[in-house]
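K.L.:
Can you keep this structure in mind? I'll have questions shortly.
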């Protein structure tokens, strides 16, 4: 499995959008709009690949000079449980650390809380609804 930064607008990026749409959006009856996708050009886009086929993805969005937020973490359902999510998280944390960020935060779906806790993240604050799904703010110090 290869992990790499994806260029916005590339064929790999198109695979990323399709994966996120299938896993994160369609089940909720949601779709991406052009403005949202155009805004992703400013983010760090990350993909896990087996040859040319994307297995999973996520992105990092700067919150402030010290903090980066993980967004849009997705792994194809049939590929879950094979270490792809863990590899993506480790790669994202290393990138964030290398770029000087001290903390990684996220709005984690409640049903993924256990996965992130195993990766060293802690929940903070109260559960809240985002796109009609229970979420928690989770964070981890990177230094």
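K.L.:
Inside the stretch 87-106, can you point out the residues that are closer than 23 Å to residue 55 by Cβ and surrounded by 15 or more Cβ atoms within 10 Å (Cβ to Cβ)?
P.N.:
Matches in the stretch 87-106: 87, 88, 89, 91, 92, 93, 95, 96, 104, 106.
K.L.:
Which of the residues spanning the stretch 24-54 are in contact with a strand residue (DSSP E or B) (Cβ under 9 Å, 6 or more places away or on another chain), under 11 Å from residue 72 (Cα atoms) and at pLDDT below 95?
P.N.:
24
K.L.:
Would you pick out the residues in the stretch 55-79 that are modelled with pLDDT under 95 and surrounded by 22 or more Cβ atoms within 10 Å (Cβ to Cβ)?
P.N.:
none
K.L.:
Something else about it: From the list 140, 129, which residue is assigned to a strand (DSSP E or B), over 20 Å from residue 1 (Cβ atoms) and at pLDDT below 95?
P.N.:
Unique residue meeting the criteria: 129.
The values are calculated or read from the model by the stated rules, or taken from the named source; none is laboratory data. Just so it is clear, the structure is predicted and the values come from calculations on it, not from any experiment. Backbone-built Cβ (ideal geometry, glycine too); neighbour counts: all protein chains shown.
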